[in-house]
Amino acid sequence: MPSIFFNDGREIAVGNIFCIGRNYAAHAAELGNRVEPEPVVFLKPTSALLQVGQAIQLPDFSSDVHHEAELVLAIGRGGKRIDRASALDHVAGYGMGLDLTARDLQTAAKQGGLPWTLSKGFDGSACVSHFVPASALPKPDESSFSLEVNGELRQRGDCRLMVYDIPFLIEYLSTRFSLQAGDLIYTGTPAGVAALRSGDSLLLKLDGLIEAHFDVA
């Protein structure tokens, strides 16, 4: 079973990987999507996890793989029907991630009314940094992050612009699923997604707490 790693030396085995789509209005707009009245939720298999330092391998069945930079939550204490007021108490830490998306496959799936799994769940499609303890980011809904590609700013995320904030996401997911220690929640990507190319160098940053490098093979 894959694990995530904290900068204080802890290691936590990963359970489910939950992902939230269309959680930034500008990103939904850039893809021609509407913001839904409830969060858009999809899953990635644990085999999709790619640790910082490992090379991104673009799949040979897609010619249009996009980066989607996201704040990632690591659940430290599970639960069912978690109330909003105590939601952040269930978070063990925060990291940065890339929800890699085979956009050509996703577009075809959406047009056919089919699931997104093949476009979202391929090996290496859930890139993740190391994590910092939750205490290092006491107000995650006020945090900001960025993605640079080949030294140029590509995405900038302001968590205050989330359609559904972090406590709500935890509350919502825990009404539909039983959250477990080790579950990851990718909280959605801001505008600026674009295709990756072989040789690209990526740098994810989170509020001076995290810098994570990924290279595309």
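Computed from backbone phi with θ = phi - 60° and the Karplus coefficients 6.51, -1.76 and 1.60, the 3J(HN,Hα) list for region 100-109 is 6, 9, 6, 5, 5, 5, 5, 4, 5, 5 Hz; x is used for glycine and proline.
Quick one: if the Förster radius is 25 Å, what FRET efficiency do Ala55 and Asn150 give, using the C-beta to C-beta distance and rounding to 0.05? E between Ala55 and Asn150, to the nearest 0.05, is 0.95. Once backbone amide H atoms are built at 1.01 Å from N, Ser3 has Val14 as its partners under 5 Å, excluding neighbours fewer than 5 places away on the same chain. Comparing Cα centroids, region 34-90 and region 170-199 end up 2 angstrom apart. For region 126-141, the residues whose amide N sits under 19 Å from a probe point set 7 Å from the Cα of Arg84 along the beta carbon direction are 139-141. Think of each Lys and Arg Cβ as +1 and each Asp and Glu Cβ as -1; about the Cα centre, that makes the dipole of region 3-215 roughly 500 debye. For the residues Gly124, Gly113, Gly53, a GNM of the chain with alpha-carbon springs under 10 Å puts the largest fluctuation on Gly113. Hey, if you drop one equal point scatterer on each alpha-carbon of region 138-207 and run the Debye formula without solvent, what base-10 log of I(q)/I(0) do you get at q = 0.23 Å⁻¹? Debye intensities relative to I(0), on a log10 scale: -1.05. Remark: C-alpha extents of region 35-105 on the principal axes read 44, 34, 18 Å, sorted largest to smallest. Between Ser63 and Phe168, the distance separating the two model label sites (each 7 Å from Cα on the Cα→Cβ line) works out to 4.0 nm. Using a cut-off of 18 Å between alpha-carbon atoms, which aspartates and glutamates can reach Lys120, once sequence neighbours fewer than 8 places away in the same chain are excluded? The qualifying aspartates and glutamates are Asp60, Asp64, Glu68, Glu70, Asp99, Asp104, Asp183.
Relative to its Kirkwood radius, the Cα radius of gyration of the chain gives an Rg/Rh of 0.93.
Values in this text are rule-based calculations from the coordinates and carry no lab data. Everything numeric here is computed off the predicted structure, so don't read it as measured data. In this analysis, Cβ positions are derived from the backbone assuming ideal geometry, glycine residues included, and neighbour counts consider all displayed protein chains.
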